[in-house]
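The values are calculated or read from the model by the stated rules, or taken from the named source; none is laboratory data. What you see is a predicted model; the values in this text were computed from it and never measured. Here the Cβ is made from the backbone with ideal geometry for all residues, glycine too, and neighbour counts use every protein chain on show.
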Amino acid sequence: MVFSTRLVSRGLLEILEDNVLIAAYRYSKDLRKPYFYPIYAPGNILVTRDGPPDHIHHRSMWTAHGNVNGEDLWSEGPKAGFIKCVDNPTIILDEDKCILSSVNLWVSNVGIKLMSEYKTVIFWKTLGNIRIIDYEVRFQADYDDVILGDTKEGGIIAFRVADSMRESIGNGVIMNSEGGVGEPQCWGKRAKWCDYTGKIDGEVAGITVLDHPSNPRHPTYWHVRAYGLFAANCLGLSHFEGRKSLDGSMKIDRGGSVKFKYRVLLHKGKLSKDEIDEYYRDYANLNSY
């Protein structure tokens, strides 16, 4: 068996490939939200950061949104809500993949149930210098209508990249499918994919996120910053387009749901635009995993 898992403590599950740690899921009830940290690219390269001092709520690889029925579930401030893992995640191990499924409850600061989140994350067997992660999130309005409000403060999938990868310190480069390079050409822009690449301990490595064409409002907008935030957010239209008259809110009627799918490429070395375009075409042609 290529993959295995290890329950380190209650609320901390490690994922191993060939007995080497590649990721860990943190879902303790003491946390404000569940998230993955660490996350390694091939070559044991740690490509994410957890809880940096400038934005303590940036949690390596996670899902959150800053306006759910008016409640903030993005920050970790005193008035912010919580995303709680309902039960231990389920794990399916196979020769070529590890499938983690987690059910999470989004609640307000005072405990009002807002919606359910059904998350499925697939870690695929590493091939050369690429490790692929498929990340699927379904929001379900189990309790009432849900309004995912218009705010830039959110990411259906979000990363905080390792410090040395940041564009702001000169090593990192942000690039998107439309030919944009750098934060000014990528932040708030729509693109089929976005990549963040830089140096870590002398090695070049990066994270690419592909937005599946079945996703609402594809191609998504990207909340990606030179200081290290990297998030897909199709909801903050008024901010990204710079027009207050726009409303990017999305309503989920009670009993209904909305699903988002992304593919993550963790890569050792740099990927060219043409190479990522090819990975994107392969992903876009998949009807299922």
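Points worth noting:
- Take the conditions (1) part of a strand (DSSP E or B); (2) of a type in the set (Gly, Ala, Ser); (3) over 20 Å from the mean Cα position of the chain (by Cα); residue 24 misses just one of them, which is (3).
- The set of residues in the stretch 81-94 that are surrounded by 19 or more Cβ atoms within 10 Å (Cβ to Cβ) and either among the β-branched types (Val, Ile, Thr) or part of a loop (DSSP other than H, G, I, E, B) (or both) comprises 81, 83, 89.
- Pair list, Cβ under 7 Å, 6 or more apart: the stretch 210-235 residue under 20 Å from residue 251 (Cα atoms) and crowded, with 24+ Cβ neighbours inside 10 Å, other residue among the acidic types (Asp, Glu) and modelled with pLDDT of 95 or more: 220/211; 232/211; 235/150
- Long-range neighbours under 8 Å by Cβ, at least six apart or interchain, first residue closer than 15 Å to residue 49 by Cβ within the stretch 190-206, second surrounded by 24 or more Cβ atoms within 10 Å (Cβ to Cβ) and of a type in the set (D, E, K, R): 206/195
- Members of the stretch 48-73 that are among the hydrophobic types (A, V, I, L, M, F, W, C) and under 13 Å from the mean Cα position of the chain (by Cα): 61, 62, 64
- Residues being among the acidic types (Asp, Glu), assigned to a strand (DSSP E or B) and at negative phi are represented in the stretch 205-228 by at least one member.
- Flag if residue 116 is over 19 Å from residue 23 (Cα atoms), assigned to a strand (DSSP E or B), hydroxyl-bearing (Ser, Thr, Tyr) and under 20 Å from the mean Cα position of the chain (by Cα): yes
- Residue within the stretch 138-147 that is in contact (Cβ under 8 Å) with a residue 24 or more places away in the chain, surrounded by fewer than 20 Cβ atoms within 10 Å (Cβ to Cβ) and within 14 Å of the chain's Cα centre (by Cα) present: yes
- Residues of the stretch 50-73 satisfying the condition of being among the polar types (S, T, N, Q), crowded, with 22+ Cβ neighbours inside 10 Å and either farther than 15 Å from residue 233 by Cα or modelled with pLDDT under 95 (or both): 60
- Residue 30, sole failed condition from (1) farther than 22 Å from residue 75 by Cα; (2) without any contact (Cβ under 8 Å) to a residue 24 or more places away in the chain; (3) charged (D, E, K, R): (1)
Matching residues to (1) on the phi > 0 side of the Ramachandran plot; (2) free of Cβ contacts under 8 Å to residues at least 24 places away in the same chain; (3) touching a strand residue (DSSP E or B) at 6+ places or on another chain (Cβ under 7 Å); (4) of a type in the set (Val, Ile, Thr):
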| position | (1), (2), (3), (4) |
| --- | --- |
| 45 | no, no, yes, yes |
| 69 | yes, no, yes, no |
| 81 | no, no, yes, no |
| 95 | no, no, no, no |
| 103 | no, yes, yes, yes |
| 107 | no, no, yes, yes |
| 124 | no, no, yes, no |
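- Residue check for residue 246: assigned to a loop (DSSP other than H, G, I, E, B), over 19 Å from the mean Cα position of the chain (by Cα) and crowded, with 18+ Cβ neighbours inside 10 Å: no
- Hits in the stretch 77-106 - residues which are aliphatic (A, V, I, L, M) and within 22 Å of residue 122 (Cβ to Cβ): 83, 86, 91, 92, 93, 99, 100, 103
- Filter result (aromatic (Phe, Trp, Tyr) and touching a His at 6+ places or on another chain (Cβ under 7 Å)) within the stretch 69-95: 74
- Qualifying residue in the stretch 253-268 (condition: closer than 27 Å to residue 145 by Cβ, more than 17 Å from the chain's Cα centre (by Cα), outside any strand (DSSP E or B) and free of Cβ contacts under 8 Å to residues at least 24 places away in the same chain): no
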